[in-house]
Amino acid sequence: MNKPVLIINGPNLNLLGTREPHIYGSTTLAEVEAMCRARAEKLGLAIEFRQSNCEAEIIDWIHKAISDAAGIIINPAAFSHTSLAILDALNMIEQPIIELHISNPHKRESFRHHSYVTFAATGLICGLGVNGYVLAVDAMADLLKAE
Ligand code: DQA
């Protein structure tokens, strides 16, 4: 059986839709999940879609993904800018990793310009709104096909 692509969402993304809609839009995380599932189904990919506000839980999911996932799409949210521990976990992943941000952090406050996760990412999608998730699923399918 094909391993699923793990889509990880970090802190505060559970409140997508009502959280700072002028930055992140009004689509909820459940709607984003439905968008990803629809695209993945068309591409014949299995996905697991998760969100946590807890750094340790995200690290545990990455550890499981070492053997259980075909690739990882991750919006680490604020942990992008702070978590060397998530970078260390991602550095153990040999499968493709796509880092994703709804906004363009480089257009925002300077403390968002640095991401630890970028050091482990195969590629980066940012600034394209929640449509970036669908693009990430497409890009992951291409990366997996090329393997
Ligand atoms: C974010 C950007 C981060 O800087 C921020 O902390 C988030 C969301 C994005 O998707 O644009 O929580 O990752």
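Out of curiosity, is residue 65 of a type in the set (A, V, I, L, M, F, W, C), surrounded by fewer than 16 Cβ atoms within 10 Å (Cβ to Cβ), touching a residue at least 40 places away in the same chain (Cβ under 8 Å) and part of a helix (DSSP H, G or I)? Here the answer is no, as residue 65 does not meet what is asked.
Residues being closer than 27 Å to residue 111 by Cβ, at pLDDT 95 or above, away from the ligand (no atom under 16 Å from the Cβ) and in a helix (DSSP H, G or I) are represented in segment 35-56 by at least one member. For segment 120-147, filtering for residues that are in a loop (DSSP other than H, G, I, E, B) and farther than 25 Å from residue 83 by Cα leaves 1. If you go through segment 1-17 and pick out every residue that is part of a helix (DSSP H, G or I) and touching a strand residue (DSSP E or B) at 6+ places or on another chain (Cβ under 8 Å), you end up with 2. Is it the case that residue 100 is in contact (Cβ under 8 Å) with a residue 24 or more places away in the chain, crowded, with 21+ Cβ neighbours inside 10 Å and closer than 22 Å to residue 40 by Cβ? Yes: the conditions hold for residue 100. Among the residues of segment 18-33, is any of a type in the set (A, V, I, L, M, F, W, C), within 14 Å of the ligand (Cβ to nearest atom), over 18 Å from residue 142 (Cα atoms) and part of a loop (DSSP other than H, G, I, E, B)? Scanning segment 18-33, I find no residue that is of a type in the set (A, V, I, L, M, F, W, C), within 14 Å of the ligand (Cβ to nearest atom), over 18 Å from residue 142 (Cα atoms) and part of a loop (DSSP other than H, G, I, E, B), so the answer is no.
One residue stands out among those in segment 97-114 that are within 17 Å of residue 11 (Cβ to Cβ) and part of a helix (DSSP H, G or I): the one that is farthest from the ligand (Cβ to nearest atom), which is 111.
Scanning segment 79-96 for residues that are part of a helix (DSSP H, G or I) and surrounded by fewer than 15 Cβ atoms within 10 Å (Cβ to Cβ), we see that the one that is farthest from the ligand (Cβ to nearest atom) is 88. A count restricted to segment 68-78 and to residues that are within 16 Å of the ligand (Cβ to nearest atom), closer than 22 Å to residue 138 by Cα and either hydrophobic (A, V, I, L, M, F, W, C) or surrounded by fewer than 13 Cβ atoms within 10 Å (Cβ to Cβ) (or both) stands at 4. Of the residues making up segment 39-61, those that are of a type outside the set (Asp, Glu) and farther than 19 Å from residue 12 by Cβ number 8.
I'd like the residue in segment 115-127 that is near the ligand (Cβ under 10 Å from one of its atoms) and out of contact with any strand residue (DSSP E or B) (no Cβ under 6 Å at 6 or more places or on another chain) and, out of all such residues, is farthest from residue 30 (Cα to Cα). Filtering segment 115-127 for residues that are near the ligand (Cβ under 10 Å from one of its atoms) and out of contact with any strand residue (DSSP E or B) (no Cβ under 6 Å at 6 or more places or on another chain), the one farthest from residue 30 (Cα to Cα) comes out as 115.
The values are calculated or read from the model by the stated rules, or taken from the named source; none is laboratory data. As the structure is a computational prediction, the values presented were derived from the model and not from experiment. As a convention, Cβ positions derive from the backbone with ideal geometry for all residues, glycine included, and neighbour counts pool all protein chains shown.
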